Every structure is written in structure tokens, then in C-alpha cells.
Amino acid sequence: MSRSGLNFGVFLAPFHRLGENPTLAMSRDLELIDWLDHLGYDEAWVGEHHSAGWETIAAPEIFIAAAAERTRHIRLGSGVTSLPYHNPFMVAQRFVQLDHMTRGRTMLGCGPGALTSDAYMLAIDPVTQRNRMVESLETIVALLKCEEPVTRKTDWYELKNARLHLAPYSDPCFPIAVASTITPFGMMAAGRHGLGVLSIGAGLPGGPEALAGQWKIAEETASENGTQMNRKDWRVIVVAHIAEDTEQALKEVQAGERRETLSYFADTLGRPPGRSDDPLREGVKMGTTLVGDPDVAIKGIKHLLELSGGGFGGIMFRAHEWANREQTMRSYELFARYVMPHFQGSLDTLYASNKFTKENRVEVVGRNVEAVRRAFTDTGREVPDAYRDRTLGAMDMDPEKTASKKKK
């Protein structure tokens, strides 16, 4: 089905608490992607991490290959590949292969590396990571053009007349996006090559208010480098959980949110947990968290669109296991049923058709009712009382008359 409007998907780090079976956790991740594909979500981005115990996928390419075999439509990307950890030639080669294996459903997400403990084990100075990502990304973009051989030498990799022997399946190339948090770096890296953006910082305090300014940085950088940015390639990442009732949604995730925030982000990574007594409600108020009923999510997305200063192309949910398995799967289903259509244009024609039929029902339906009545009377038969009461009464279907009768 061809649709307009926003794309929706998941940003799967993943986050799995210590003490649970890690093998089953990966199986749940695959099951989630399969469920999202069934529900009509557009994208899934899979992270790369190597330490700290919670984010357990080390090779998103392997996970993408497995997920591709279980799904039919959803696009699958790395969210993100830590470029300083890899030779850029090998990154390009692996994702071109995935592009062919998925028949054009592959995406490459790029970042400098999120966990300093990963860089530490690889003896990489965190100060060098952003520059290395820029160098790697420039080389990857050049290789994917499949034009001239690439010869480059840096202090951490060297290529001699390097060229891809397999061109991308996608024409001209699969989507590439750069992760952006709170610094200008990600937006500048994307703008330099006119690439997509994954705004991870939108889920942080102050993130929604910074969206418009960050996009301006990307556009200015693109203009300086002779490229062009496209808002349709901009994904904003937030946390969400949907239930039929807002209080129910908050109750389902409250304990899990505290467990993840305190055990992982505070105790393991040393990031302050924040001072709010009720971080979930505070997050909903700030626009960084969409926890509630479908109306809360719709209102929150509209608020983010307004703050962006012109819109963006997609909303990606930062996957979590704050609720239990059944509640989590139900959340994605409720969102697909009651929230996504509001931003995809798929309800407009249905509402218009319903409105037309209601406003013109005497003209549209009336003659058919008369035809059914005559099917009885023209053959000399009585119209059954039940049918007369239920159907022939529809002959008087003027909405204004109906409203008048109700008042009397």
C-alpha cells in the first residue's frame, strides 16, 4: 500500500536487563521485528555494542540478515554501526551485500560509538572517535558511488585503489543516516554529504526544543558543501508505550523504567538519573516520552512536528522492555491501529466517504430501500413487520429531520 506522511519504526539498541537469558532476549528481538513487519511499521534500526551487559547485539549485520528472512516489507538498518571500530571498506562491502540479500531493504546508520567501554577495549581514545567517524564516512560514501578507485591513508586505516566489486542493489544506493545527540557533530556530518539523520537526542531533556536549531545546522553545512538535506530522511527517536488508558500505560512501565534508568544508565554508565519524582509524567510533559493512551501519542507527535520547524520524515521508538512481553506487543499494535493512520493520510478518504454517505443518505440509499419494498409489493406479498420497522423506516433519513425528532 502506497502511503504519504510519516514513517514509523523502532530503534532497537537493544536494552535487556542483567539476569535474564540473553539467547531468549535475542529471540524476542527477532520476534518484535517480525511483529512490526506484520503491523505495517516501516523501519527497524539495530544497534552495535560490545560491553556493559545490557545492549547485547554486537553485529547488527548478522541480526539484519536473520530478520530479513523472517520479514517481507520492513526496512532494516544498523542503529548504528560504530565506524571507528571498522575498516570503512569492510563496512561498505557488508552493507552492499545486505542490500542485495534484502532486495533493497537495507539501511546504514553511522555513529562514532556510544559506549566508552567499547572504545577502551579497542584502545581507541574517545577524543579521536568523531574525527575517525568523519574520515570513515567520507570513504564509505566515495566507495558506494562506484566511480573512481579510492586511495586514502589515515593514522588508523589505509586503502590502495579500493573499489567495490559489487554495486549496491538500490539505485543509486541504500539510505545512509547519521546519529545525532545533543552536539552539532551529527548534523554537520550528515549535512556534509546530504545524508539522513537519526535524532537520538530528541528523547533527552531539552531535545525537542533543540530540533529546529539542529536541523538548521545540517542545512547550513549542506549548503557550504554543495549538498542538500531532505526532511523526509530525518528520523526522530523517542520513548513510547501505549495502552487503552493513560493511567494503565503509566502503571505498566513505571517499575521497568526505574529499573533500566537506575541499574544501567546510573549505576553502570554513571549517567545521572534526573531529579524528577515522576520521570514518566515529566517526560510526557516535556515531549520526550509518549506514554499514555493513543490520544497522548497523537498530541505528542504533533508537538514534536511543531517544534521541528518544518517537520521530519519519521518517528522511531527507542525499544525497551519496561512492560511485560504481552503489554509491549499490545502497545505496538495499539499504536499501529490508532496513531499511525493519523500521520499517514490513510484515514482521510474514509472520513470523507463516511461524511458524504451520512449527508446524502436520502439520495444515495433511499431509492434502494424503495426497490426492496417493491420486491415484496409487486408480487402481492406483505412486507414483513420486522423488515418494515428496520429498513423502510430508513426512507426518512434526512439528518435534520432525525435531529428534530430526537429533540422532540
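Read-outs: derived from the displayed coordinates by stated rules, not from any lab. Nothing here was measured: the structure is a model prediction, and the numbers come from that model. Quick reminder, even Gly has a Cβ in these numbers, built from the backbone with ideal geometry, and neighbours come from all protein chains shown.
Can you tell me which of A167, A190, A177 moves the most in a GNM of the chain? Springs connect C-alpha atoms under 10 Å apart. Residue with maximal mean-square fluctuation among A167, A190, A177: A167. Ellipticity at 222 nm from helices only: DSSP H runs of n ≥ 4 in the chain, each -39500 (n - 2.57), divided by the residue count, give -14500 deg cm²/dmol.
Of P272, P126, P88, the residue with the greatest mean-square motion in the GNM of the chain, using alpha carbon springs below 10 Å, is P272. Placing +1 on the Cβ of every Lys and Arg and -1 on the Cβ of every Asp and Glu, with no other charges, gives the range 9-49 a dipole of roughly 220 debye about its Cα centre.
Panel note: the C-alpha atoms of the chain, placed on their principal axes, show extents of 96, 53, 41 Å (largest first).
Given K302/K355; K285/K355; K251/K358, which pairs have Cα atoms separated by over 30 Å?
Numbers: K302/K355 24 Å; K285/K355 34 Å; K251/K358 40 Å.
With Cα atoms farther than 30 Å apart: K285/K355; K251/K358.
Counted residue by residue at 0.36 nm each, then reduced by the alpha carbon distance between them, the extension gain from R281 to E306 reaches 6.9 nm.
With a sphere of radius 13 Å drawn around the Cβ of S82, what net charge do the other residues whose Cβ falls strictly inside it have (Lys, Arg +1; Asp, Glu -1)? Could you put the intermediate results ahead of the total?
Values: positive: R130, R132; negative: E48, E55, E61, D118.
Here the count lands on -2.
Phi-derived couplings, Karplus 6.51 cos²θ - 1.76 cosθ + 1.60 at θ = phi - 60°, listed residue by residue for the range 12-23: 9, 4, x, 10, 10, 5, 5, x, 9, 4, x, 5 Hz, with x used for Gly and Pro.
Distant-in-sequence amide contacts of C110, defined by a placed amide H-H separation under 5 Å and a gap of 5 or more residues or a different chain, comprise T81, A177, V178, A179.
Judged by the gyration tensor of its Cα atoms, with axes a ≥ b ≥ c, the range 302-348 is oblate; a/c meets the 1.5 cut and b/c is at least as large as a/b.
Each Lys or Arg adds one and each Asp or Glu takes one away; over the other residues whose Cβ falls under 12 Å from the Cβ of G256, this sums to +1. For N7, the amide hydrogen comes within under 5 Å of the amide hydrogens of G314, I315, counting only partners 5 or more places away or on other chains and with H modelled in the peptide plane. Against the main long axis of the alpha-carbon atoms of the chain, helix 294-307 sits at an angle near 50°.
Of all aspartates and glutamates in the structure, those lying under 17 Å Cα to Cα from K160, and not within fewer than 8 positions of it along the same chain, are E135, E138, E147, E148. Modelled label positions at I62 and R231, each set 7 Å beyond Cα in the direction of Cβ, lie 4.1 nm from each other. With a simple spin-label model that places each label point 7 Å from the Cα along the Cα-to-Cβ direction, the separation between D245 and T151 comes to 7.2 nm.
How would you classify the range 237-302 from its alpha-carbon gyration tensor, with a ≥ b ≥ c the square roots of the eigenvalues: rounded for a/c under 1.5, else prolate if a/b is greater than b/c, otherwise oblate? Each step should come with its number before you reach the end.
On the way: a/c = 2.37, a/b = 1.78, b/c = 1.33.
Prolate, since a/c reaches 1.5 and a/b exceeds b/c.
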